[in-house]
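The structure appears below as structure tokens.
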Amino acid sequence: MSYTERGMKAIALACALAGCFGYNSSAKTWAYVGDSVLIAGGAAAIAEDLATRPPACSGNNCPYQSKLDGGLVAGTMLVTAGIFGIVFNATRPVVKTSR
């Protein structure tokens, strides 16, 4: 997966939207849904990256191949953002708004 594909742009957009945290009970509910989607999307990105890896070279003249690919890094960032969002929402007090 290259960095110019639509998938990477969608992941960047999801990371940008992950900054929304709930301030009341309704907003917290949707923030938890968003954080869960981030975790699931990150797990899917990690699984896709690991499933589509080329086989390891076993000859004498093998070039170096990094174990960190774009999908693995993006998936890890998404999972981390989702976990941080859940912890932040759980520890943030509910603000009572009057209407």
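Scanning residues 5 or more positions from Tyr23 or on other chains, those with amide H under 5 Å from its amide H are Lys28, with H placed 1.01 Å from N in the peptide plane. Taking θ as phi - 60° and the Karplus parameters 6.51, -1.76 and 1.60, the scalar couplings of segment 36-51 work out to 5, 5, 4, 5, 5, x, x, 5, 5, 5, 5, 5, 5, 5, 6, 6 Hz in sequence order, x denoting glycine and proline. Other residues whose C-beta falls under 11 angstrom from the C-beta of Asp49 contribute a net charge of 0, scoring Lys and Arg +1 and Asp and Glu -1. Applied to segment 26-34, the Karplus parametrisation 6.51 cos²θ - 1.76 cosθ + 1.60 on θ = phi - 60° returns per-residue 3J(HN,Hα) values of 5, 5, 5, 4, 5, 5, 5, 4, x Hz, with x for Gly and Pro. Taking label points 7 Å from Cα along the Cα-to-Cβ direction, Arg92 and Asn61 give a separation of 5.7 nm.
FYI, it's all coordinate maths here, none of it is from the lab. Computed from a predicted structure; not experimentally measured. Ideal geometry is used to build each Cβ from the backbone, glycine not excepted, and the neighbour counts take in all protein chains shown.
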